[in-house]
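Each value in this text was obtained by applying a stated rule to the coordinates, not by laboratory testing. Keep in mind it's a predicted model, so treat the numbers as computed, not measured. Using ideal geometry, Cβ is built from the backbone for each residue, glycine included, and neighbour counts are taken over all protein chains shown.
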Amino acid sequence: MGNPFRLALTTLVRGLRSRDFLLLSGTFFICGLTTNGLIGTHLIPASHEHGIPEVQAASMVALIGFFDIIGTLGSGWLSDRYDNRKLLFWYYGLRGLSLLFLTYAYNTGMWGMGIFIVFYGLDWVATVPPTVRLTADLFGKRNVSMVYAWIFAAHQLGAATAAFGAGLLRTQLGDYQLSFMIAGGFALLAAGMALRIGRDSQEEVLIVPPVVVPVAPAA
């Protein structure tokens, strides 16, 4: 397949010319921003500031992981049967609402946090199956690994942005409330972006050169 580094850069350059690639990368940037970067990094210190001990807060993160297993398996099943754009719309929309609710859940006791844990946990990695499926449908199964790798890189950039940004806002403002609200707003934006993926698109499909397998001459 030639130089893999050159192939990766070529795929990125062509991807940046594709509206669908930008939409998928943008929604996945927000996915990382609202999961690993925000909740994965800052939920425990935010909970501690609201009087929840560190061990109990860590247990909440573990419960989110438990419900994530259920949500992701269910999402994989749904992505084979329903419009993946609509699935992403609901996933990001519900995630945004749960993050907006989190700013009030801390003041309602453990029942409010329990509601957040269940809804947010079911949504934690549920966005991955429909994102991968849309990538394969739009860019071809032969291209999905390289294209999705760059889309996932956007996810990591989003996570880094939230990890740093939420910490900065906490230092400047003294709490995480604005960080959770901003993340919730971004998730709602991603819900709207998801509905535009693949719609009225006449873009050229990214092409990864085919693998050439040498054939030994017949004896």
Exercise. For residue 136, are the conditions met, namely being in a helix (DSSP H, G or I) and farther than 16 Å from residue 159 by Cβ?
Worked result: yes
Problem set entry | Enumerated helices (runs of 4 or more DSSP H) restricted to segment 12-112, each holding at least 3 residues that are farther than 17 Å from residue 155 by Cβ | 39-49, 54-79, 84-105
For this session: Please tell me if residue 126 is assigned to a loop (DSSP other than H, G, I, E, B) and in contact (Cβ under 8 Å) with a residue 40 or more places away in the chain.
Result: yes
Seminar exercise, completed: Across segment 46-95, the tally of residues that are touching a Ser or Thr at 6+ places or on another chain (Cβ under 9 Å), more than 29 Å from residue 134 (Cβ to Cβ) and in contact (Cβ under 8 Å) with a residue 24 or more places away in the chain stands at 2
Problem set entry | Output for segment 8-42, where each listed residue is crowded, with 23+ Cβ neighbours inside 10 Å and under 18 Å from residue 177 (Cβ atoms) | 33, 34, 37, 38, 39
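Conditions tested, residue by residue: (1) surrounded by fewer than 21 Cβ atoms within 10 Å (Cβ to Cβ); (2) within 18 Å of residue 41 (Cα to Cα).
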position	(1), (2)
151	no, no
159	no, yes
162	no, yes
165	yes, yes
168	yes, yes
176	no, yes
182	yes, yes
194	no, no
198	yes, no
Exercise. Applying the selection to segment 64-92, what residues are within 22 Å of residue 176 (Cα to Cα) and surrounded by fewer than 18 Cβ atoms within 10 Å (Cβ to Cβ)?
Worked result: 65
Exercise. What are the residue pairs meeting all of these: first residue in segment 146-168, first residue among the hydroxyl-bearing types (Ser, Thr, Tyr), second residue surrounded by fewer than 21 Cβ atoms within 10 Å (Cβ to Cβ) and assigned to a helix (DSSP H, G or I), Cβ atoms under 9 Å, and 6 or more apart or on different chains?
Worked result: 148/132; 148/136
